[in-house]
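Written below as structure tokens is the structure these notes are about.
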There are 2 protein chains.
Amino acid sequence: MGQDAIDLETSLGYALKEASSGLRTAMEEVLRPLGMTITHYSCLELLSQRPGLSSSELARGAFVTRQSMHVLLQHLEREGHVARPDEARVGKVLPARLTARGHARLAQATAAVRGVEVRMTAGMTDAERADAFRLLRTMVRNLQQ
Amino acid sequence: MGQDAIDLETSLGYALKEASSGLRTAMEEVLRPLGMTITHYSCLELLSQRPGLSSSELARGAFVTRQSMHVLLQHLEREGHVARPDEARVGKVLPARLTARGHARLAQATAAVRGVEVRMTAGMTDAERADAFRLLRTMVRNLQQ
DNA sequence: GAGGCTATGTCAGAATACTGACATGGGTCA
DNA sequence: TGACCCATGTCAGTATTCTGACATAGCCTC
């Protein structure tokens, strides 16, 4: 292989995937008892913090295609957790909002997910958390170009 | 919401997911012209560095279920990129190995993926890369418990 | 105002991964 | 030795996500 290879033991990309996979698994474990998936939760959390997001914007925020988010929103609307106007006020964009039921449902999930994030950074100093955040943001910026 | 909420702007978990998603997208872009998926590539890369891994071990290394890896290995065997013995020498474990064709196929992909990893860490010092790696490993360890 | 570009919502089909289940081999421990 | 537990390989069915496609609305330029 030579030194052109990617050593899994020291690859930053592999470590990133490992961490992300671990986070995903941990989140699935705490969300499953609540009957929610990660995409499910992500959608509600996004709508809570940024009410009025469109389906496409939600898709970008949850890292799925807008087609997938479309299907999910239909479920959430049917279950009464999300509400959207029947017609677009401007263009074709349909701003979505959480209902009271949606807010209640989210509250449980947020507590559970918060616990996971706390566990993930256990033993890290504030400076280390800040470093990790800054370095990850740098990688995101680099990859977007 | 109060301060119990998870602020997407400052959440380490969200930044981790963003970075991971960006890496995945970038890898898909460079692997698509080669007709490979990420799981596909991961399997070949693992076998290259650790010849003789079983299907279940490959699954863990590529972060998918052993059932998914099983299907993928059948494809790779049919295409002549991977070879496995017909019978297990011990137990039920079937050690897999890359064929010459598999090695050739991997070489192209490795170069492409390596380019992505270089781009991801552009502008970072060696110390920063080491910090990022160490912090990610800490998070992995924390989540595994 | 017309044409081109981009973004959005939506539908349909394909690819991918997952859950559930079963039989089997190895190891442990009483 | 036999019971028990765990890991593996494998098959089948389900679920989720993605790719492809189309019509439409807004924006920009000429």
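Read-outs throughout are calculated quantities, based only on the coordinates presented, and are distinct from any laboratory measurement. Note that the structure is predicted; figures quoted are calculated from it, not measured. Here Cβ is always computed from backbone atoms with ideal geometry, including for glycine, and neighbour counts include all displayed protein chains.
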task = Evaluate segment B:94-110: report whether one residue or more is more than 25 Å from B:Pro51 (Cα to Cα), crowded, with 16+ Cβ neighbours inside 10 Å and touching a Lys or Arg at 6+ places or on another chain (Cβ under 9 Å).
result = no
request  = Please find, within segment B:103-145, the residue that is nearest to A:Ser21 (Cα to Cα) out of those that are in contact (Cβ under 8 Å) with a residue 24 or more places away in the chain and within 7 Å of another protein chain (Cβ to nearest Cβ).
outcome  = B:Met139
Hits in segment A:25-40 (condition: under 20 Å from B:Val64 (Cβ atoms) and either in contact with a helix residue (DSSP H, G or I) (Cβ under 6 Å, 6 or more places away or on another chain) or touching a residue at least 12 places away in the same chain (Cβ under 8 Å) (or both)) = A:Ala26, A:Met27, A:Leu31, A:Ile38, A:Thr39
ask   = For residues in segment A:77-113 being part of a helix (DSSP H, G or I) and over 21 Å from B:Ile6 (Cα atoms), which is nearest to DNA strand C (Cβ to nearest atom)?
value = A:Glu77
request  = Could you check how many residues of segment A:41-76 are in contact (Cβ under 8 Å) with a residue 40 or more places away in the chain and either more than 14 Å from chain B (Cβ to nearest Cβ) or within 12 Å of DNA strand C (Cβ to nearest atom) (or both)?
outcome  = 4
message = Suppose we keep only residues that are of a type outside the set (Ser, Thr, Tyr) and touching a Phe, Trp or Tyr at 6+ places or on another chain (Cβ under 7 Å) within segment B:7-34. Which one would you say is nearest to DNA strand C (Cβ to nearest atom)?
response = B:Leu31
request  = Check off (1) within 17 Å of A:Arg24 (Cβ to Cβ); (2) near DNA strand C (Cβ under 10 Å from one of its atoms) for B:Thr37 and give me the number that stays unchecked.
outcome  = (1)
message = Show the residue pairs meeting these rules: Cβ distance below 8 Å; 6+ apart or different chains; first residue within segment A:80-97 and within 14 Å of chain B (Cβ to nearest Cβ); second residue part of a loop (DSSP other than H, G, I, E, B) and more than 12 Å from DNA strand D (Cβ to nearest atom).
response = none
query = Only one of these conditions is not met by B:Met36: (1) under 30 Å from A:Gly61 (Cα atoms); (2) part of a helix (DSSP H, G or I). Which number is it?
reply = (2)
query = Can you name every residue in segment A:43-54 that is of a type outside the set (A, V, I, L, M), buried (at least 19 other Cβ atoms within 10 Å of the Cβ) and either within 12 Å of DNA strand D (Cβ to nearest atom) or farther than 15 Å from A:Ala88 by Cβ (or both)?
reply = A:Cys43, A:Glu45, A:Ser48
query = Would you say B:Ala15 is assigned to a helix (DSSP H, G or I), over 17 Å from the mean Cα position of the chain (by Cα) and within 11 Å of chain A (Cβ to nearest Cβ)?
reply = yes
